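The values are calculated or read from the model by the stated rules, or taken from the named source; none is laboratory data. Quantities reported herein were computed from a predicted structural model and do not represent experimental measurements. Note that each Cβ is placed from the backbone with ideal geometry, even for glycine, and that neighbours are counted across all protein chains shown. To get the accessible areas, we keep the full protein, side chains included, count just its heavy atoms, and leave off ligands, DNA and RNA. Shrake-Rupley method; radii C 1.70, N 1.55, O 1.52, S 1.80 Å.
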Amino acid sequence: MGRTLQNTMINLGLQNACDEAIYQLGLDMEELEEIEEDAGLGNGGLGRLAACFLDSMATLGLAAYGYGIRYEYGIFNQKIRDGWQVEEADDWLRHGNPWEKARPEYMLPVHFYGRVEHSGSSAKWVDTQVVLALPYDTPVPGYMNNTVNTMRLWSARAPNDFNLRDFNVGDYIQAVLDRNLAENISRVLYPNDNFFEGKELRLKQEYFVVAATLQDIIRRFKASKFGSTDSVRTVFDSFPDQVAIQLNDTHPAMAIPELMRIFVDIEKLPWNKAWDITKKTFAYTNHTVLPEALERWPVDLVEKLLPRHLQIIYEINQRHLDHIASLFPNDVDRLRRMSLIEEGGTKRINMAHLCIVGSHAVNGVAKIHSEIVKTQVFEDFAALEPEKFQNKTNGITPRRWLLLCNPGLAELIAEKIGEDYVRDLSQLTKLHEFVDDDLFIREVAKVKQENKVKFALYLEKEYKVKINPSSMFDVHVKRIHEYKRQLMNCLHIITMYNRIRRDPAKLFVPRTVIIGGKAAPGYHMAKMIIKLINAVAHVVNNDPVVGSKLKVIFLENYRVSLAEKVIPATDLSEQISTAGTEASGTGNMKFMLNGALTIGTMDGANVEMAEEAGEENLFIFGMRVEDVTELDREGYNAQEYYNRLPELKQAIDQIASGFFSPEEPDLFKDVVNMLFHHDRFKVFADYEAYVKCQQKVSELYLNSKAWTKMVIRNIAAAGKFSSDRTIKEYARDIWHVEPSDLKIPPPNEPREAAEDKALNGTAA
């Protein structure tokens, strides 16, 4: 979620008033804003997407709730020591959190372990351990519409009789100390992005948020007029008309068997009825195609922790496979491929398959990704129910990612096309009229230059590095992962360095290359990549021949509040994943909206950015998905590129020989070995095209006016990538609710009496 203060002032239309009031108290608002901790309760893009979605849902007047876990420790703070990443605990609640309100009156029990008792047709889950879920509510204000939604985060609490109700030896002290075991559930965020770690505590977290949330939803449903019992209809007949639940990846997939358990075991609905309601309620968003990221929980673990849920999953699977067998008799391989249970070695539950079978809609997050989901990853399921599969291209909130972080640009745009674009970003197309307006071109360039100077000052203050604000700011910020190919950027840096040293007198367009992002603590290769970047930076930044022509900076502890500083100052946005690996990306959209040009592959939402702006207004290079597939068929041979490309050979030889690590010459042998022998993401295959494309970037940068005109064309084409557009599509195509553009009256204005009567009939 990042910081809340400035976002709240902007959405409430109070920023100027607050700035003025604080100034009159002799304080500086920006200084105050810097004191607030980021709420870093997720990893990378998936968590930030949820935050943008909450902002858009409130702005569109949807009655929507964001549910999650109130982690005591969020994503770790990253320190760089001697070029290595070191993790520190993110004690973000140390000074309290003024934005949250604990709601003990809505506390709910969550059960674990135990066993299942069967009597006739009914099942009972007994002898369980109970953990209490305490909700904390954070307000989510819409933009200037007097709407405030709720984000409800659950915290784990031990019941007061925890470990004391069992006839124990009377070790009261130990029993109280053991309360920590239960409360550890909401202690810490697992810091993996695009990687599945099958730990028991993680499964507990996933079930904890699901069980508490579903009870909360059902309580609210029953309290409303829609939940009132009708003589003919079951209480829950209207449930899917009143409730839509979007599964943000497979992490909350246990919601599907949990809702079935509530309907069948507790509410005594017949299976088929319960299953029909469940499917109509859930929809699933897939966020990745990397096989190592897909959740596959061991059956033994689920059986121990959630025995009844395992039985329900088996029943869902049996009926699912019976259906497929009836359509495709004797096709045992199809049954194996489509089963929710993977046999062979340890039996596992494929959570993505569970989500597809248990949902009425499945979507990817960019056109190209949704195609890959349909034709490759889940092709058997798409063949069975093609109408279930959709696309919903991701977006970003223009409130945080333009108004808040780049007020200079936001104001400049408003001067030209009015202020309405903030709620309807498609209006940015009106900027096309000004692409040849010399004054506007100069003003856009001036705002960018001011942002660069401000960021350069920040870097000087925080990192004691002096950089040239007139150099091209070439920025690559995102989680560190092999598929995102920070290594390819690193090879380009080394190539630029070698070119400068080879011919110091030759014209070179000055660059400041900024790379930032966190590596999962257990991801060895990602940590080596960080060390390599820092080692290269040390050599480059201290070579007098290079001087101010090339500077390399690793940005420590990349997070939302730092993104808000670096993105508005960026000239060149690096979006260079291997085609077919980045589901969408959203950083790409933030850079586009903030006046950076993109160098990127035809991957994720880059494809649609090129479609909107015209491919000639992005620096697109490298293999397309088809080329990658073809290369896989032939067999990728890294050695071949190394032999053929002298500059690549030189760079690799320098890394391998210890040129960047003289005190430990074979420090990077693992990295080099990976690049030659098991590089799934084919860095060498795109190196030549990347370096040539970067040359084109430098050439354009020399012509400031032509560069800025291209920038304006990009901003004018960025309207599609508002999360408001994304949420309108979810609302209409999946949730079947209508967004409202109505600004509800503020609480201090009396409402019409008739309106009052109508509202009194609905419980909040």
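When the stretch 715-744 is filtered for residues that are outside any loop (DSSP other than H, G, I, E, B) and more than 30 Å from Phe239 (Cα to Cα), the ones remaining, listed by number, are Ile715, Ala716, Ala718, Gly719, Lys720, Phe721, Ser722. Residues that are modelled with pLDDT of 95 or more and within 28 Å of the chain's Cα centre (by Cα) number at least 3 in the following helices (runs of 4 or more DSSP H) confined to the stretch 178-287: 200-223, 255-261, 271-281.
Give just the number: which of (1) crowded, with 18+ Cβ neighbours inside 10 Å; (2) within 26 Å of Glu72 (Cβ to Cβ) does Pro139 not satisfy? The one condition Pro139 does not meet is (1).
Residues in the stretch 143-156 that are under 19 Å from Asn16 (Cβ atoms) and either hydroxyl-bearing (Ser, Thr, Tyr) or in contact with a strand residue (DSSP E or B) (Cβ under 8 Å, 6 or more places away or on another chain) (or both): Tyr143 alone. Here are some residues: Val560, Val546, Val536. Which one is aliphatic (A, V, I, L, M), crowded, with 21+ Cβ neighbours inside 10 Å and out of contact with any Ser or Thr (no Cβ under 7 Å at 6 or more places or on another chain)? The unique qualifying residue is Val536.
Against the condition of a type in the set (Gly, Ala, Ser), surrounded by fewer than 18 Cβ atoms within 10 Å (Cβ to Cβ) and touching a residue at least 12 places away in the same chain (Cβ under 8 Å), how does Ala58 come out, does it pass? It is false that Ala58 is of a type in the set (Gly, Ala, Ser), surrounded by fewer than 18 Cβ atoms within 10 Å (Cβ to Cβ) and touching a residue at least 12 places away in the same chain (Cβ under 8 Å). All conditions in (1) over 26 Å from Val625 (Cβ atoms); (2) part of a helix (DSSP H, G or I); (3) not hydroxyl-bearing (Ser, Thr, Tyr) hold for Asp666, with the sole exception of (2). Ile712 meets the stated requirement of being among the β-branched types (Val, Ile, Thr), part of a helix (DSSP H, G or I) and more than 20 Å from Gln486 (Cα to Cα).
Residues in the stretch 420-440 that are part of a helix (DSSP H, G or I) and closer than 17 Å to Ile10 by Cα: Asp420, Tyr421, Val422, Leu425. Among the residues of the stretch 536-587, which ones are of a type in the set (Ser, Thr, Tyr) and in a strand (DSSP E or B)? Selection gives Ser573 alone. The one condition from (1) open to solvent by 30 Å² or more (accessible area, probe 1.4 Å); (2) touching a residue at least 40 places away in the same chain (Cβ under 8 Å); (3) not aromatic (Phe, Trp, Tyr) that Val422 does not meet is (1). If you take the residues in the stretch 625-651 that are assigned to a helix (DSSP H, G or I), without any contact (Cβ under 8 Å) to a residue 60 or more places away in the chain and among the aliphatic types (A, V, I, L, M), which one is surrounded by the fewest Cβ atoms within 10 Å (Cβ to Cβ)? So, considering only residues that are assigned to a helix (DSSP H, G or I), without any contact (Cβ under 8 Å) to a residue 60 or more places away in the chain and among the aliphatic types (A, V, I, L, M), the one surrounded by the fewest Cβ atoms within 10 Å (Cβ to Cβ) is Leu631.
The rows are residues; the columns are (1) free of Cβ contacts under 8 Å to residues at least 12 places away in the same chain; (2) of a type outside the set (S, T, N, Q).
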| position | (1), (2) |
| --- | --- |
| Ile467 | no, yes |
| Asp474 | no, yes |
| Arg485 | no, yes |
| Leu491 | no, yes |
| Thr495 | no, no |
| Asn498 | no, no |
| Ala505 | yes, yes |
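Report, by residue number, each residue of the stretch 695-707 that is assigned to a helix (DSSP H, G or I) and open to solvent by 10 Å² or more (accessible area, probe 1.4 Å). Listed by number, the residues that qualify are Gln695, Lys696, Ser698, Glu699, Leu700, Tyr701, Leu702, Ser704, Lys705, Ala706, Trp707. Of everything in the stretch 362-388, what is touching a Phe, Trp or Tyr at 6+ places or on another chain (Cβ under 8 Å) and open to solvent by 20 Å² or more (accessible area, probe 1.4 Å)? Give them in sequence order. Matches in the stretch 362-388: Lys374 only. Do you know which residues across the stretch 19-35 are open to solvent by less than 40 Å² (accessible area, probe 1.4 Å) and within 23 Å of Pro398 (Cβ to Cβ)? Matches in the stretch 19-35: Met29, Glu33.
So which residues in the stretch 241-273 are over 17 Å from Thr285 (Cα atoms) and open to solvent by less than 10 Å² (accessible area, probe 1.4 Å)? Matches in the stretch 241-273: Pro257, Glu258, Leu259, Met260, Phe263.
Looking across the stretch 97-136, the residues that are among the charged types (D, E, K, R) and under 35 Å from the mean Cα position of the chain (by Cα) come down to Glu100, Lys101, Arg103, Glu105.
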